[in-house]
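Asks: This is the structure I want to talk about, given as structure tokens.
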Amino acid sequence: MPSANAANRLMKHYLGTARTLPWRAAPGTNAPDPYRVWLSEVMLQQTTVTTVTPRFNRFIERWPTIEDLAAASDKSILSEWAGLGYYARARNLIACAREIAARGSLPNTAEELRKLPGVGEYTSAAVAAIAFGERVLPVDTNIRRVAARLFAMEQPTDSQVRDVMTPLIPTDRAGDFAQALMDLGATICRPAKPLCSRCPLAPDCTAFALGQPELFPRPKARKHRPHRHGTAWWTRRGDHLWLVRRPDHGILGGMAALPGPDWTDTPHPHGPALARIRHVFTHFSLDLDLVSASEPVGDGWWHPVDDIDSAGLPTLYLKAARAALATPLFDAAA
DNA sequence: GATGCGTGGAC
DNA sequence: TGTCCAAGCAT
């Protein structure tokens, strides 16, 4: 059974190695800045540190305070988010920033943070622990895996993880403890080929004692990924391209896009396809045929075609636009 | 509890 | 190439 001694070894290991997220401190300090912690935690939902770091830095450079973010237009924030995925996060981020700015500051407890849009069990606990030192444990994939191995639990619920791990939280270091566990999960207690020989918790770890750390937690059953089909229209007028905004809900909700009909399970007829983009989403893959059109469709706007990277297009449509522009005959014919 | 929701890197 | 995986949330 892990003891306070185990927590001490974990903390010493963490503080003795390079911490992964130094950019969350307020400028010129070591203290985590609540705005930066909240923004980064939302970005980090199901997204790697490598992906988030440069995007976070751009957000902070453009909107240094939450008041700046709250005052920004929906369009500018969605555009800055383009390419990061899970776009409901961006829509919730906008609503959340305005709510926080209206009330004056971030709530400083997990219970109050949990009421904000886009802030769930994990994020509320992460911000409360890291930014405000509340003695709570955010349970993410890393911490769930570390706890599962430490206690040899095959399919622990988040509640079970909290029950066994919360007693180990150091009184004055809740934020560092959570980050230490997440760091451990990311670098040592990895899903495959964990580096148990370097792990400060190995002496306490039941799965290690059993000689089978990779059996915990048990992997989830995988689902089949269906294939779908779509058409998008490439509409040029001089140096400009016709873009539209997708509906607020559903896939790529609220994002800029090339116009086109709803995607379907089977291919549907259209004129000659001059490019085909294959794109893989979480729950299906898509073949998107690009077809030239002469007249704009839907409620949209003309965007300079030589500045396509600034259009705020999600990756699917950015890939499509780049394919079109790389096909000179197609582009000229449009 | 199950499902929908992006993207890119590792292997 | 395909598969797995990632500091989850809303419904």
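The values are calculated or read from the model by the stated rules, or taken from the named source; none is laboratory data. In this text the structure is predicted, and so the values were computed from the model without any measurement. Glycine gets a Cβ as well: all are built from the backbone with ideal geometry, and neighbour counts include every protein chain shown. Areas reflect the complete protein model, heavy atoms only, side chains present, ligands, DNA and RNA absent. Shrake-Rupley method; radii C 1.70, N 1.55, O 1.52, S 1.80 Å.
Asks: Using a 7 Å offset from the Cα along the Cα-to-Cβ direction at both A:Gln155 and A:Ala95, what is the distance between the two label points in nm, to one decimal?
Replies: 3.2 nm
Asks: So for chain A, what are the equivalent ellipsoid semi-axes in whole Å, largest first, each being the square root of 5 times an eigenvalue of the Cα gyration tensor? Don't skip to the answer; put the middle values down first.
Replies: Numbers: eigenvalues 374, 122, 51 Å².
Working from the Cα gyration tensor, I get semi-axes of 43, 25, 16 Å.
Asks: Still on this structure, please answer the following. Determine ³J(HN,Hα), in whole Hz, for all residues of the stretch A:157-162 in sequence, where each value follows from phi through the Karplus function 6.51 cos²θ - 1.76 cosθ + 1.60 and θ = phi - 60°; x replaces Gly and Pro.
Replies: For the stretch A:157-162, the Karplus-derived couplings read 7, 4, 5, 5, 4, 4 Hz, x marking Gly and Pro.
Asks: Right, another one. Starting from 0.36 nm per residue, how many nanometres of slack lie between A:Tyr86 and A:Arg19 once their C-alpha separation is accounted for? Mind showing how you got there, number by number?
Replies: Working: separation 67, 0.36 × 67 = 24.12 nm, distance 2.64 nm.
Extra length available between A:Tyr86 and A:Arg19 comes to 21.5 nm.
Asks: Taking amide hydrogens as modeled 1.01 Å from N in the peptide plane, which residues meet the under 5 Å criterion relative to A:Ala293, leaving out close sequence neighbours?
Replies: A:Trp234, A:Thr235, A:Arg236
Asks: Follow-up. So what are the ³J(HN,Hα) numbers for the stretch A:272-280, from phi and the Karplus equation (6.51, -1.76, 1.60; θ = phi - 60°), rounded to whole Hz, Gly and Pro as x?
Replies: x, 7, 9, 7, 10, 10, 9, 9, 10
Asks: Dividing the alpha-carbon radius of gyration of the stretch A:12-154 by 2.2 N^0.38 Å (N being the number of residues), what value is obtained?
Replies: 1.06
Asks: Mind checking which lysines have their C-alpha under 30 Å from A:Lys220, skipping anything on the same chain fewer than 8 residues away?
Replies: Candidates past the 8-residue exclusion: A:Lys115, A:Lys193.
Asks: Near the amide H of A:Ala152, under 5 Å away, which other amide H atoms are found, from residues 5 or more places off or on another chain, if H is placed in the peptide plane?
Replies: Amide H neighbours of A:Ala152, under 5 Å, 5+ apart: A:Thr206, A:Ala207.
Asks: Follow-up. Suppose R0 equals 56 Å; then what is the FRET efficiency for A:Ala326 and A:Asp163 from their Cβ-Cβ distance, rounded to the nearest 0.05?
Replies: Values: r = 55 Å, r/R0 = 0.98.
Once the sixth-power term is evaluated, E becomes 0.55.
Asks: Would you kindly derive the ³J(HN,Hα) couplings of the stretch A:258-266 from the backbone phi angles with the Karplus curve 6.51 cos²θ - 1.76 cosθ + 1.60 (θ = phi - 60°), listing them in order in whole Hz, with x for Gly and Pro?
Replies: Per-residue couplings from phi come out as 7, x, x, x, 4, 6, 10, 6, 10 Hz.
Asks: Oh, and also: Quick one: net charge around A:Pro296, please, counting Lys, Arg +1 and Asp, Glu -1 for every other residue with C-beta under 13 Å from its C-beta.
Replies: Local charge sum for A:Pro296: 0.
Asks: For chain A, what does -39500 (n - 2.57) per DSSP helix run (n ≥ 4), summed and divided by total residues, give at 222 nm, in deg cm²/dmol to the nearest 500?
Replies: Result for chain A, helices only: -12000 deg cm²/dmol.
Asks: Using the Kirkwood radius built from alpha carbon pairs, what does the Stokes-Einstein equation give as D for the stretch A:224-334 at 20 °C and 1.002 mPa s, in µm² per second?
Replies: 151 µm²/s
Asks: What's the carbon and sulfur percent of chain A's accessible surface, probe 1.4 angstrom, rounded to a whole number?
Replies: Within chain A, the accessible surface is 53 percent carbon and sulfur.
Asks: Rounded to whole Å, give me the distance from the Cα center of the stretch A:66-119 to that of the stretch A:254-270.
Replies: 29 Å
Asks: Measuring from label point to label point, each 7 Å out along Cα→Cβ, what is the A:Leu195 to A:Thr315 span in nm?
Replies: It works out to 2.7 nm between the two label points.
Asks: Within 10 Å of each candidate Cβ there may be at most 15 other Cβ atoms; applying that plus a DSSP loop requirement, which chymotrypsin sites (Phe, Trp or Tyr not before Pro) in the stretch A:52-141 survive?
Replies: A:Tyr86
Asks: Once you keep just the Cα pairs under 8 angstrom separated by 6 or more residues, what percentage relative contact order results for chain A?
Replies: Relative contact order, chain A: 16 percent.
Asks: In addition: Taking just the alpha carbons, could you work out the radius of gyration and Dmax for the stretch A:154-205, both in angstroms?
Replies: When restricted to Cα atoms, the stretch A:154-205 yields Rg and Dmax of 11.9, 33 Å.
Asks: Within the set of other residues whose C-beta is less than 11 Å from the C-beta of A:Asp239, count the net charge using Lys and Arg as +1 and Asp and Glu as -1.
Replies: Residues close to A:Asp239 contribute a combined charge of 0.
Asks: While we're here: Net charge near A:Asp204: determine it from the other residues with C-beta under 12 Å of the C-beta of A:Asp204, scoring Lys and Arg +1 and Asp and Glu -1.
Replies: Taking every other residue near A:Asp204 into account, the sum is +2.
Asks: Quote the FRET efficiency, to the nearest 0.05, computed for A:Phe281 versus A:Asp172 with a Förster distance R0 of 56 Å and r equal to the Cβ-Cβ distance.
Replies: Working: r = 43 Å, r/R0 = 0.77.
It comes out at approximately 0.80.
Asks: Skipping prolines and chain starts, which residues have an amide H placed within reach, meaning under 5 Å, of the one on A:Arg228, given they are 5 or more residues away or on another chain?
Replies: A:Ser285, A:Leu286, A:Asp287
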